[in-house]
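The values are calculated or read from the model by the stated rules, or taken from the named source; none is laboratory data. Given the structure is predicted, the values throughout are model-derived calculations rather than measurements. Every residue, glycine among them, receives a Cβ derived from its backbone with ideal geometry; neighbour counts consider all protein chains shown. Areas reflect the complete protein model, heavy atoms only, side chains present, ligands, DNA and RNA absent. Shrake-Rupley method; radii C 1.70, N 1.55, O 1.52, S 1.80 Å.
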Amino acid sequence: MRMPDVTEPFELVLFGAKGDLAHRKLIPALYNLHVDGRLSEQGNIWAITRPNTEQSAYIEQVKDWVRKLGAEFDEKTWKAFSQRIKLVGVDLYKAAGYSKLAKKLNASGNPVVYYCAVHSRLYPVICEQLFAHNLITEHSAIVLEKPIGNDYESGMVINRRVAEFFEESQIYRIDHYLGKETVQNLLALRFANSIFEHQWNQRYIDHIQITISETVGVEQRAGFYEGTGALRDMLQNHLLQLLCMTAMEPPASMEAESVREEKVKVLKALKPIVGADISECVVRGQYGEGISEGEMVPKYKDEPGVDTHSTTETFVALKAQIDNWRWSGVPFYLRTGKRLAKRACEIVVQFKEVPHSIFEMQHKKTMANKLVFHLQPDEGVSLQLCEKRVGNHMQVRPMVLSLNQSDQDKNRVPEAYERLLADAINRNPTLFLREDELMTAWQWVDPILNHWQTSDQRPDTYTAGSWGPAASTLLLAKDGRLWEENS
C-alpha cells in the first residue's frame, strides 16, 4: 500500500501538543511528511497547550524533538515546517481558549481534524466545548487515542458522549500498530499468495505467537500507567488488533467497511476467558529490580509516582482461542511487558511439523516452518525453511529466507503515525477502529480485569531484563511449546 499524500488544504488541531505522544511520535511524523513533500502547502498545525505557554519557547522545544526523532534535519526545511505551527493556549474546561481557536479556524475555512492526544476522560469535555463554539461541521473529524475508557462501561460512556457531537464516519479511533508497513505486508502476503492463504488454517498451522516487548520501564508515565496497566495499555488494543489482522477472513475488498467487518468477526469469535480459565490461561507480572540494557534499574514499586503497594501489572501473557472453522484448536499466545530482555514486536506463525521425518534431526522442534513478521525495531518478514547441509551426508538444517526488499529497492520505511495522520486528514478510515470493534474488545477483556480486582492474587514478580515471570514460560510449556525468543 502506497503512503498517502495530503493534497487538499487542512487544519490539524492537536490537543496535548506538549505531551509525550506529541513529543515522541506525532510532531516527528508530521515533520517527516513535510520533508517528503506529502503535506499540502495549505496545511496548518494548531498546537493546543496550557494558556501560559510561549510560542517561541514551544517552537524551540519542537525543533529539538524533530532534530532528534525526525527523518532528516536542515534549517531551511525546519523553518518552512515551523511556519505551519500555530500555538493556542487553551484551558480545556474553559470557554475562553476555544473562542480564540474558533476565530482563527473560521478565518481559514479549511476542513479541520481534531487530534486528541490526551486522557480519554477529556474527550467528552473537548467535544462539548467544540460544539458550543460552532467548531464542528460535516467536514470535521476527530481522532481518539487509546485506551478509550478503563473498561467496557466507561468506554461505552465516552463513545456515546462523543457520538452526540460527531457522526461515526467522523470518528477515527487510532491504533498505530495498524499503520506499520509490515502489518500491511501481512495482508498482502496472505491474500495475494495462494501458497500462504491455502495453508492459513488449522490443518497446517500449529499455533501463533504475538509479542510486544519493551526494555523501558514506566519512565515518567506513572500517573497514567498506575490506573491503566499492561492489559488496558497494550493487550486490549494493540495485541488484539494484530490478532485480528492475522486471523481475519479475506474481506470482499480493501474498502474500509469490508476490512473492519472481518476484524469484528474475529473479536466476536474469541472464546471468553472467564472463571477458573483466567488462572489457567492468563499470566500477569510486575517487574522487580534487575539489569536492563547494561544498567541496574529499580523495581516498578520504586519508580517515581508509583504506589509502594501497587498491584498494577507491567506484564501480561495469555492463551486465546478463536471459535470458528479456520482456527479451531489453534492457540494464539499473546504477551506484552515492560523491562523485558529486548524491544520487539513480532507475529510468529508456527506451522505444523511434517507427519514423519525421513531425515536425522538432533533438534526436531527447530525444523518446523515459521513465518515471522517483525514490526519493531526493524520491520521485515522472514520464513524459516529446511535445507540440506553442504557435505557428503544427507543432513537437514533450518535456514531463514528474508522476504524483505533489497536495500537498493527500498527507501526509508515511513513511521506508522505518518500513514495514519495522512489517512485521518484524507478521511480514509480503513486502518482505524469502528465503535463495535472497540467495545467487543473491551467486552472480552472485562472478565479478566474484574477477576484481578476482586482476587487476592498479586502479580508475579519478574527480574528486569528477563522475559517475564516463570508462569509465562509454563503457559506454553504445558502445551509442549516455547516462546520465540531470539536473544
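Mind listing just one residue for me: the one in segment 453-487 that is of a type outside the set (A, V, I, L, M) and surrounded by 19 or more Cβ atoms within 10 Å (Cβ to Cβ) and, of those, nearest to residue 317 (Cα to Cα)? So, considering only residues that are of a type outside the set (A, V, I, L, M) and surrounded by 19 or more Cβ atoms within 10 Å (Cβ to Cβ), the one nearest to residue 317 (Cα to Cα) is 472.
For segment 179-205, filtering for residues that are polar (S, T, N, Q), open to solvent by 60 Å² or more (accessible area, probe 1.4 Å) and in contact with an Asp or Glu (Cβ under 6 Å, 6 or more places away or on another chain) leaves 0.
State yes or no: is residue 173 within 25 Å of residue 427 (Cβ to Cβ) and free of Cβ contacts under 8 Å to residues at least 24 places away in the same chain?
When the stated conditions are applied, residue 173 does not pass them.
So, residue 109, is that one assigned by the TED database to the domain that holds residue 133 and within 24 Å of residue 131 (Cα to Cα) or not? Against the criterion (assigned by the TED database to the domain that holds residue 133 and within 24 Å of residue 131 (Cα to Cα)), residue 109 qualifies. Looking only at residues of segment 155-178 that are charged (D, E, K, R) and part of a helix (DSSP H, G or I), we find that the one that is most open to solvent (accessible area, probe 1.4 Å) is 160.
Residues that are surrounded by fewer than 22 Cβ atoms within 10 Å (Cβ to Cβ), among the small types (Gly, Ala, Ser) and closer than 26 Å to residue 423 by Cβ: does segment 225-234 have at least one? No, that holds for no residue. The residue that is nearest to residue 233 (Cα to Cα), counting only those in segment 453-487 that are at pLDDT below 95 and outside any loop (DSSP other than H, G, I, E, B), is 453. Scanning segment 153-170 for residues that are in contact with a Leu (Cβ under 9 Å, 6 or more places away or on another chain) and touching a residue at least 60 places away in the same chain (Cβ under 8 Å), we see that the one that is nearest to residue 376 (Cα to Cα) is 155. Remark: pairs (first residue in segment 402-419, modelled with pLDDT of 75 or more; second residue aromatic (Phe, Trp, Tyr) and open to solvent by less than 60 Å² (accessible area, probe 1.4 Å); Cβ separation under 7 Å; 6+ apart in sequence or on different chains) = 416/177. For the subset of segment 409-449 comprising residues that are outside any helix (DSSP H, G or I) and farther than 22 Å from residue 159 by Cβ, which member is most open to solvent (accessible area, probe 1.4 Å)? Among those that are outside any helix (DSSP H, G or I) and farther than 22 Å from residue 159 by Cβ, it is 411. Considering segment 181-230, the qualifying helices (runs of 4 or more DSSP H), each wholly inside and each with 3 or more residues that are within 30 Å of residue 299 (Cα to Cα), run over 222-225. The set of residues in segment 285-304 being free of Cβ contacts under 8 Å to residues at least 40 places away in the same chain, acidic (Asp, Glu) and either closer than 17 Å to residue 315 by Cα or surrounded by 16 or more Cβ atoms within 10 Å (Cβ to Cβ) (or both) consists of 302 alone. Within segment 263-284, the set of residues being assigned to a loop (DSSP other than H, G, I, E, B) and crowded, with 16+ Cβ neighbours inside 10 Å comprises 273 only.
Only residues that are in the same structural domain as residue 270 (by the TED database) and aliphatic (A, V, I, L, M) were counted across segment 442-474, and they come to 4.
Could you tell me whether residue 260 is part of a loop (DSSP other than H, G, I, E, B) and either open to solvent by less than 20 Å² (accessible area, probe 1.4 Å) or more than 23 Å from residue 229 (Cβ to Cβ) (or both)? So residue 260 fails the test.
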